[in-house]
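Here's the structure we're looking at; comments come further down.
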Amino acid sequence: MIKGKFITIDGVEGAGKSTHIKFICDYFNKKGINLLLTREPGGTDIGEKIRELLLNPEIKTIDNDTELLLMFAARNEHLKNKILPALNRGEWVLSDRFVDASYAYQGGGRGISDSRIDILSNWTLKDFCPDLTLLLDIPATESIKRVSAKNKDRIELEQIYFFENVRAHYIKRAKQFPDRIKLIDSTKSIEQTKKNIKNILSNYVF
Ligand SMILES: Nc1ncnc2c1ncn2[C@@H]1O[C@H](COP(=O)(O)OP(=O)(O)OP(=O)(O)O)[C@@H](O)[C@H]1O
Ligand SMILES: [Mg+2]
C-alpha cells in the first residue's frame, strides 16, 4: 500500500527545475512534510552510472532505441529500489524529471512513437504514475539562452528544432493528462513563477 505522495518536476533544459526545487521543498517543510529529493536519469547507484553514459558528450552515437532502453533501465531501478520503498514507508518524493521526459525527449526529440514508449512504460511502471507533475514551460529559444553559459551534456548539444519538438511533446502530455500535469509558464520572472507554483500546490488535493 503506497502511503506517501510522488511529485515530479519536468520541462526542457533551463526551464527552472533546479531553481524551484528548493522552494517546493521549503513549501512542504512548512507543512511538516519532508520531501525526499531525487532525479532522473539517476537517483540510484546504477541509475547514476547510466546517467553518466547517457549524458557523456564524448559519446557521439547511441541508437535512439538504446537511449530509450537505458532511460527505462535507470527508471526501473529508480522506481523499485528508491521511489516505491520510500512511498511505502510513508515518505513524500520529489523527482527532477520522470517518465514524461521520455515521451518528450525520446518521443518528441528522437521521434520514437508514443505507442513504443508505452510498451516500456507499461512494463516497468504498470499503472504507477506521479500524483502531481509540475511542468515548467519555456520556448526552445529561451532554453538555449539559459543554458548557453554552461558546459553542455550530450543531449543539451542538440539543435533548436530538437528542443522545439521536446517542448511540443511536453505540452501534448499536459493536454493528455490535465489533472496530473500542471503546465506553468516559466518565461515569467522567478518570483512570479514561484507564486504560480505555490498557487498550484495550495489548490492541489493530494
Ligand atoms: N523564470 C526565470 N527567468 C529567468 N531566468 C531563469 C528563470 N528560471 C530559471 N532561470 C535561470 O535559468 C538558468 C537555468 O535554470 P535551472 O538550472 O533551474 O533549469 P533546469 O530546468 O534545472 O535545467 P536543467 O534541465 O539543465 O537542469 C539558471 O541560470 C536560472 O537562474
Ligand atoms: Mg536542473
Checklist line | Under Karplus coefficients 6.51, -1.76 and 1.60, residue-wise ³J(HN,Hα) of segment 127-142 in Hz, glycine/proline x | finding: 9, 6, 7, x, 6, 8, 10, 9, 9, 7, 10, 9, x, 4, 4, 5
Check: What nm value, rounded to one decimal, do you get for the distance between Ser113 and Asp26 when each label is placed 7 Å out toward the C-beta?
Finding: 4.7 nm
Note to self: For the chain, what does the relative contact order come out to in percent, with C-alpha contacts under 8 Å and a separation of six or more?
What the structure shows: 32 percent
Notebook entry, point to check: Stretched out fully, how many nm does the piece from Thr187 to Ala73 gain, at 0.36 nm a residue minus the Cα gap?
Noted result: 37.8 nm
Notebook entry, point to check: Around Leu36, which amide H atoms from residues at least 5 apart in sequence, or from another chain, sit under 5 Å from its own amide H, with H modelled in the peptide plane?
Noted result: Trp92, Val93, Leu94
Check: What does the charge add up to near Gly108, with Lys and Arg as +1, Asp and Glu as -1, over the other residues with Cβ less than 10 Å from its Cβ?
Finding: +2
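Calculate for the chain the 222 nm mean residue ellipticity that helices alone would give, adding -39,500 (n - 2.57) per DSSP H run of length 4 or more and normalising by residue count, nearest 500 deg cm²/dmol.
After summing the helix terms and dividing by residue count, I get -14500 deg cm²/dmol.
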Notebook entry, point to check: Of the trypsin sites (Lys or Arg not before Pro) in segment 60-162, which ones lie in a loop per DSSP and count no more than 11 other C-beta atoms within 10 Å?
Noted result: Lys60, Arg89, Lys126, Lys150
Check: What ³J(HN,Hα) values, in whole Hz, does the Karplus curve 6.51 cos²θ - 1.76 cosθ + 1.60 give for segment 26-34 when θ = phi - 60°, with x put for Gly and Pro?
Finding: 4, 4, 6, 4, 4, 8, x, 10, 8
Checklist line | Candidate aspartates and glutamates for bridging to Lys195, where Cα separation is under 19 Å - those fewer than 8 sequence places away on the same chain excluded | finding: Asp10, Asp26, Asp137, Asp185
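Read the figures in this text as sums done on the coordinates, not as results from a lab. The model shown is predicted, which means the values in this text are computed figures rather than measured ones. Quick reminder, even Gly has a Cβ in these numbers, built from the backbone with ideal geometry, and neighbours come from all protein chains shown.
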